Amino acid sequence: MTLLALIAALVAAIPGQEANMDYDGVTRVEYIFTDSSVPPQYHRSFVIEVTRDSALVVVDSYGEVLARETRALAPDEFQSLLETLEEAGLTIVPEKENEGCTGGTTEAVVLYEGESEVFRGWVYHCAGEDYGTLEGDVETVARRIRALIPDLARLRE
């Protein structure tokens, strides 16, 4: 086996970013939902930022903040979220590029240790297909994070 072939084989064997993730060190989780391109009165994107003691949601329409709310978390809620993340098997993969689809929504998950970003992946849902850099059970993670904001549906009105 040539050196080049050996290097290629080793690179191909490197697992996704998830495999080396130490969830115990995560201090902040961000979930970002970007709505589809619709008129401003219907567009509702939002960010939920979760730390050990609180969950903050900011809802916007093309940059105009429509709602902002913070909720205190019980001591075990953040740890439960980290367990959900670990079980979901989120993995960063080479980008699966969009093949011309428009009008979809995007979800992103970003994890921090202190101020350092240690994980960032996104998935673009369009016409029943998923594109982007994030694989794993994104739906369960999104549902779990959204549940931390009981009034999310009202805030998105």
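Derivation of every value follows stated rules applied to the coordinates shown; laboratory data play no part. Just so we're clear, the structure is a prediction, and the values are computed from it rather than from any experiment. All Cβ positions, glycine included, derive from the backbone under ideal geometry; neighbour counts span all protein chains shown.
A compact table of results
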| read-out | value |
| --- | --- |
| Filtered residues of the stretch 32-91 (kept if outside any loop (DSSP other than H, G, I, E, B) and among the hydroxyl-bearing types (Ser, Thr, Tyr)) | 34, 45, 51, 54, 61, 70, 80, 84, 91 |
| Counted residues, the stretch 117-141 - those being closer than 16 Å to residue 93 by Cα and in a helix (DSSP H, G or I) | 1 |
| Residue that is surrounded by the most Cβ atoms within 10 Å (Cβ to Cβ) [pool: residues in the stretch 99-114 that are within 24 Å of residue 128 (Cα to Cα) and among the aliphatic types (A, V, I, L, M)] | 109 |
